[in-house]
Amino acid sequence: MNNLDFSADPLFSWYVVALALSGAILTVFGAVAGRMKAGMRVLNIVIGLGFLGYAYYLAFVYDGVTYTIFYKVFILPVLMIIASVKALVERSNAKQQQAAQAAAAFDPNAPQAPFNPNAQFNPNAPQAPYNPNAPQAPYAPQPGAPVPPPAGAPVPPQGAAPYQPGLPPQPVADNPYAQPQPPRHPAG
């Protein structure tokens, strides 16, 4: 037996349709919205199933002549949907905020400790990721004392220029293995 007759009693019929529609919305919203807390999802599903059950009862089981419409019943689905949307927005904002904090934790422009070549290496210590854009200290050769030749090393001939770093080596005149020099042309 179907109690839905929009021509005989449209108010009752629309009430049943509204109950079924709000129950379906709450049930689907609770089942699909995965970002809501579990308690809110369960509450949405339970209330939605209650609305669907009551709409089914009124449409197919109810035999009475008089009925009472509770308009306050439609406030609950609206409040539940608003609370669910609010929870979704808050969770989304919290995830975005966590992602922003994680991104801010790695600052490639943050000052870094200078390199210490004498520090012991600890393979278990957390290592900072390589940053090719980090500022590098300029290279400066370290001044040092000249290194004496090892004992037993050949002594350069008298009058030979000592080795000077940065200058090309000059061949010795009596060295048969010296590199040939291009002929020099007189200037002018």
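Hey, rough spin-label estimate for Ile25 and Ala38, points 7 angstrom out along Cα→Cβ, what's it come to in nanometres?
2.8 nm
Give me the one-decimal nm value for the distance between modelled label points at Ala8 and Tyr71, 7 Å along each residue's Cα-to-Cβ direction.
Simple spin-label model gives 2.6 nm for this pair.
Using the Cα atoms of segment 10-105 to build a convex hull, what is its mean projected area in square nanometres?
Average projection, Cα convex hull of segment 10-105: 6.9 nm².
Got a sec? How would Val65, Val28 order by Cβ neighbour count within 10 Å, fewest to most?
Ascending Cβ contact count within 10 Å gives the list Val65, Val28.
Where a Cα-Cα gap under 25 Å defines reach, which lysines qualify for Lys37, not counting those fewer than 8 residues away within the same chain?
Lys86, Lys95
No lab work stands behind these numbers, since they all come straight from the coordinates. Here the structure is a predicted model, which means the values were calculated and not measured. Neighbour counts are summed over all protein chains in view; Cβ atoms, including those assigned to glycine, are modelled from backbone coordinates with ideal geometry.
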